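The values are calculated or read from the model by the stated rules, or taken from the named source; none is laboratory data. For clarity, every value in this text was computed on a predicted model and none was experimentally measured. Counting neighbours? That spans all protein chains shown, and the Cβs are built from the backbone with ideal geometry, glycine included.
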Amino acid sequence: MEEYRILAPTAILGYGFPLSSFKEGMKRRPHLIAVDAGSTDPGPYYLGAGVSFTQRRAVKRDLAIILKAAIDEGILVTIGTAGGSGGQPHLRWNLEIITEVAAEEDLEFILAIINAEIEPEQVYLRWKEGKTFTLEPGPELTEDHLKNTLRIVAQMGVEPLIEALNAGAQVILAGRAYDPAVFAAPAIRAGFPRGLAIHLGKILECAAIAATPGSGSDCLFGRLQADCFEVEPLNPIRRCTTLSVAAHTLYEKSDPYLLPGPGGLLDLQETSFEQIDERVVRVRGSKFKEISPYRVKLEGVRRIGYRTVSIAGIRDPLLINALDQVISEVKARVSDNFQQERLVYFLDFKIYGKNGVMGALEPSPIPNSHELGILIEAVAATQELADTVCGFARSTMLHYGYEGRVSTAGNLAFPYSPSDFQTGEVFTFSLYHLLEVNDPRELFPYEIQKIKGRGLSG
């Protein structure tokens, strides 16, 4: 095979794509349609709660188009980080949608489901053996971290996907996966260089974000050859440039030349970017350097409580100028009111228009707006405690006196009634570490299912 062609429909399954762009991709006869379905970007909640951050209707729409086109034309489909976070509940959720689509479209195919969730006890044993490693600048892994962790996923590389392909899979639904892996694995299996395949996967995994103007809701097409690859947007309003493709290569990376992943490094020290025509960029020189022993990344979460928030606005210039002092005094008043009960809670005020986005890192913390938005957040061990702390902080600030105040009716303007909102469980990452493995496939068992239009059989 001289060329391996890959269609990336969208940045994340459920983000959508224009049907016209997808049809243009199909005209180019792809060997593979691959899509990343998740990310840690939305935070730890979705892994902990076992739910997707993309909506079911949107995911089903994308899958219906992808699966029908692929099965009709005999094209491989690979889906990574199923359900947004890639744990067992996310896999089940995504499998249900695939089964529905197959029944409605009367599709038959061999499906491989690759698990990526690991029991905390298994990680604990590996930790005791000294097989876990800190990802700088994160904290060292402790026994307390592990005891309180609810769900852990490992980030698979290309090897479990290749194993599933070797078992005859036409469609792969994978748990948590290294983003480029679902794009690179079939190409590596077909004999193409690992470095170029992974680099192409790195570009394709966010679809047309690597084009200009960029979009996570549009398609990108890749052509991989023995010594290079090319990327091309499929919407005529977009184009790939050497700047847009090189910039996306650096996306979410701390080193511009050495990009770590499962089992090694993507080495870009000799990589070149060439503008082939107005819309196509060619890339050469990317290499993969294996690192032994093989390590995979672990992502684990623990519950830290429940959250209640209140949203308000202020417009009094006197309060705006005295806001830091007022917030400090409101926090002290909350603490004093509940000191006999010894409540344990977290209380925070995010001030939009001042430093709500960057917090203490804001380089210009002096507000120049005539109005500010305030988000009051309380986290506590129970929802009732979070409600209590948030409500008391809100009411205290609403009527808090400050020098020069004219109106006594209230300091805060609330856009909604009720003013306070329960957001439910709160999770934090308790594991973001590396784990040494003897075999890249050992943490990622797979099962094969025959999808038969109106149902499935094992």
Contacts under 7 angstrom Cβ, first residue in the range 113-131 being surrounded by fewer than 22 Cβ atoms within 10 Å (Cβ to Cβ), partner of a type in the set (Asp, Glu), 6 or more apart: 131/436
Some residue of the range 280-300 being surrounded by fewer than 18 Cβ atoms within 10 Å (Cβ to Cβ), under 23 Å from residue 239 (Cβ atoms) and among the polar types (S, T, N, Q): no
Scan of the range 277-292 for residues that are charged (D, E, K, R) and not in a strand (DSSP E or B), ordered by number: 277, 278, 279
Whichever residue in the range 138-182 is among the polar types (S, T, N, Q) and part of a loop (DSSP other than H, G, I, E, B) and, among such residues, is nearest to the chain's Cα centre (by Cα): 155
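This table checks each residue for (1) touching a residue at least 60 places away in the same chain (Cβ under 8 Å); (2) buried (at least 18 other Cβ atoms within 10 Å of the Cβ).
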position	(1), (2)
394	yes, yes
401	no, no
408	no, no
416	yes, no
422	yes, no
446	yes, yes
450	yes, no
Failed condition for residue 184, given (1) surrounded by fewer than 20 Cβ atoms within 10 Å (Cβ to Cβ); (2) out of contact with any strand residue (DSSP E or B) (no Cβ under 8 Å at 6 or more places or on another chain): (1)
Near pairs, Cβ below 9 angstrom, 6+ apart or cross-chain, from the range 360-381 (closer than 14 Å to residue 313 by Cα) to any residue that is among the acidic types (Asp, Glu) and surrounded by 13 or more Cβ atoms within 10 Å (Cβ to Cβ): 375/348; 376/348; 376/420
Test for residue 427: is it outside any loop (DSSP other than H, G, I, E, B), hydrophobic (A, V, I, L, M, F, W, C), at pLDDT 95 or above and surrounded by fewer than 15 Cβ atoms within 10 Å (Cβ to Cβ): no
Selection count where residues are more than 19 Å from residue 169 (Cβ to Cβ) and either of a type in the set (Val, Ile, Thr) or over 19 Å from the mean Cα position of the chain (by Cα) (or both), scope the range 65-123: 11
Breaking point among (1) under 17 Å from residue 334 (Cα atoms); (2) at pLDDT 95 or above, for residue 401: (2)
Contacts under 8 angstrom Cβ, first residue in the range 178-200 being touching a residue at least 40 places away in the same chain (Cβ under 8 Å), partner of a type in the set (S, T, N, Q) and part of a helix (DSSP H, G or I), 6 or more apart: 199/249
Evaluation of residue 315 against (1) surrounded by fewer than 21 Cβ atoms within 10 Å (Cβ to Cβ); (2) in contact with a strand residue (DSSP E or B) (Cβ under 6 Å, 6 or more places away or on another chain); (3) of a type in the set (Lys, Arg); (4) in contact (Cβ under 8 Å) with a residue 12 or more places away in the chain (one fails), failing number: (2)
Count - residues of the range 135-149 that are touching a residue at least 24 places away in the same chain (Cβ under 8 Å) and in contact with a strand residue (DSSP E or B) (Cβ under 6 Å, 6 or more places away or on another chain): 6
Close pairs (9 angstrom Cβ cut-off, 6 or more residues apart or separate chains): free of Cβ contacts under 8 Å to residues at least 60 places away in the same chain in the range 17-28, assigned to a helix (DSSP H, G or I) anywhere: 19/65; 23/69; 26/69; 26/73
Given (1) part of a strand (DSSP E or B); (2) over 21 Å from the mean Cα position of the chain (by Cα), number of the condition residue 295 does not satisfy: (2)
One residue from 356, 305, 373 being surrounded by 16 or more Cβ atoms within 10 Å (Cβ to Cβ), under 20 Å from residue 398 (Cβ atoms) and under 30 Å from the mean Cα position of the chain (by Cα): 373
Filter result (aliphatic (A, V, I, L, M) and within 21 Å of residue 428 (Cα to Cα)) within the range 38-60: 47, 49, 51
Search result, residues across the range 231-266 that are farther than 19 Å from residue 283 by Cα and of a type in the set (Gly, Ala, Ser): 254, 261, 263, 264
